[in-house]
Amino acid sequence: MNWKLKSAIRHSILALPGGAGLYRHLTTRVLGTQHGMATKWFRVFPAHVKVLQEKLGDQARGAPLWCFDSGATPAAGFASALVSDEPGLLTDRFDRLADLYLETGRKILAEKGRGLADLSEAPAGRFDEVCATLAPHKHCPDALAAVRMSYSANHAAAVSETWRGRIGLVYSAGTFEHYTPEQVDAELARMRDALRPGGILSHVMDHRDHRWHADKSISPLLHLTLDDDDYAKQFANPLDYHNRWMMGEWIRALEAHGFDVEARTVIPMTPDLVPLARDRFAPRFRDLSEDDLQSLVTHFVAIKRD
């Protein structure tokens, strides 16, 4: 769908009382738009596994995992059950988990899970065990609980008595950039409290203008041309908001919360993409570093300092 048409539809629904919740209900639970998220989790998960192995070595499988903003599908929990020998946690601030996606989660597990189990050096039979354990369940929470995954619609669950100071890895993919700076600050503090000493954050951030995903004729940096007032008029709503932080801003935030940070470019700016001259940027973005402008998607690996 053309992004302008999609935006018009979204804004019409947002104008209604409770519009954001209505839109999520229609798209997630009625139209079933989130099936692709199951595939996304299994596509992204190998990068998180490699971080675990790189940073924790032989202790990687003993790390409890927390999936931050797991979305509507249970797929991230199924992947975690393969990768870690410990119970894990999934949280989603919009409470999107829906039984509509249970079969999709099982299907992608069947297709991709054995390779993920092998990559994570899972015990022999773990893949078959997880598949068999999930088979009889008809509801996502029950299926997740069967493979020792807990689900909560509140991120505060990660600092409950059960999890506080125990988590080995917090991971996400393309979600954290939709939090305001104030929310990022609060969530990073929560993540630090949830992590055990030496625990790891593994977050993949998409810095691109999200309209670009629907319209490749625009620059992936087009959103940086809008000043704060114009951006707020168009995108400061619960569905479209993006904090527009580039790589350097995220590094500074993570370091301020007591993490040692590695920033790894996943998708760079390339010559085939529509360029933007720096003088077209809004004033606040004109002094961005070349590294910031070259890293369109960044994988942040951050280690909690003792």
Exercise for the section: With the checklist (1) charged (D, E, K, R); (2) open to solvent by 70 Å² or more (accessible area, probe 1.4 Å); (3) out of contact with any Gly (no Cβ under 8 Å at 6 or more places or on another chain) in hand, flag the one item ARG244 doesn't pass. Expected result: (2)
Problem - Matching option when the condition is more than 21 Å from HIS178 (Cα to Cα), modelled with pLDDT of 95 or more and open to solvent by less than 40 Å² (accessible area, probe 1.4 Å), among GLY62, GLY115 - result: GLY62
Practice task
Report, by residue number, each residue of segment 150-159 that is crowded, with 19+ Cβ neighbours inside 10 Å and closer than 24 Å to ASP306 by Cβ.
Solution key: HIS155, ALA158
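Being aliphatic (A, V, I, L, M) and over 27 Å from PRO46 (Cβ atoms), is that true of even one residue in segment 257-268? Walk me through it before giving the result.
First, pick out the residues of segment 257-268 that are aliphatic (A, V, I, L, M): 261, 263, 266-267.
Cutting the leftovers down to over 27 Å from PRO46 (Cβ atoms) gives us none.
No; the residues of segment 257-268 include none that is aliphatic (A, V, I, L, M) and over 27 Å from PRO46 (Cβ atoms).
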Exercise for the section: Kindly state which helices (runs of 4 or more DSSP H) lie completely within segment 40-159 and contain at least 1 residues that are over 15 Å from the mean Cα position of the chain (by Cα) and under 20 Å from ARG196 (Cα atoms). Expected result: 75-83
Handout entry: Failed item in (1) part of a helix (DSSP H, G or I); (2) crowded, with 18+ Cβ neighbours inside 10 Å; (3) in contact with a helix residue (DSSP H, G or I) (Cβ under 8 Å, 6 or more places away or on another chain); (4) at pLDDT 95 or above, with ILE251 passing the rest
Key = (3)
Fill in the blank from the handout: Of the listed residues (ALA156, ALA122, ALA186, ALA194), the one being in contact (Cβ under 8 Å) with a residue 60 or more places away in the chain, among the small types (Gly, Ala, Ser) and within 30 Å of PRO238 (Cβ to Cβ) is ALA194
Exercise for the section: Return yes when SER219 is under 21 Å from LEU65 (Cβ atoms) and open to solvent by less than 40 Å² (accessible area, probe 1.4 Å) and no when it is not. Expected result: no
Handout entry: Tally of residues being hydrophobic (A, V, I, L, M, F, W, C) and either part of a strand (DSSP E or B) or open to solvent by 40 Å² or more (accessible area, probe 1.4 Å) (or both) across segment 190-216
Key = 6
Problem - PHE78 being open to solvent by less than 10 Å² (accessible area, probe 1.4 Å) and touching a Gly at 6+ places or on another chain (Cβ under 8 Å) - result: yes
Practice task
Within segment 160-177, count every residue that is surrounded by fewer than 19 Cβ atoms within 10 Å (Cβ to Cβ) and either of a type in the set (Lys, Arg) or within 17 Å of the chain's Cα centre (by Cα) (or both).
Solution key: 4
Completion exercise
Quick count over segment 254-286, residues being open to solvent by less than 80 Å² (accessible area, probe 1.4 Å), in a loop (DSSP other than H, G, I, E, B) and either over 30 Å from SER217 (Cβ atoms) or not hydroxyl-bearing (Ser, Thr, Tyr) (or both), is 9
Exercise for the section: Answer yes or no: is there a residue in segment 19-28 that is over 21 Å from PRO141 (Cα atoms) and in contact (Cβ under 8 Å) with a residue 60 or more places away in the chain. Expected result: yes
Problem - Residues (open to solvent by 40 Å² or more (accessible area, probe 1.4 Å), of a type in the set (S, T, N, Q) and assigned to a helix (DSSP H, G or I)) located in segment 10-39 - result: SER12, THR39
Handout entry: Qualifying positions in segment 222-236 - crowded, with 16+ Cβ neighbours inside 10 Å and either acidic (Asp, Glu) or under 21 Å from the mean Cα position of the chain (by Cα) (or both)
Key = HIS223, PHE235
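The values are calculated or read from the model by the stated rules, or taken from the named source; none is laboratory data. This structure is a prediction, so every number in the text was calculated from the model and none was measured. All Cβ positions, glycine included, derive from the backbone under ideal geometry; neighbour counts span all protein chains shown. In case anyone asks, the SASA skips ligands and DNA or RNA and just uses the protein heavy atoms, side chains included. Shrake-Rupley method; radii C 1.70, N 1.55, O 1.52, S 1.80 Å.
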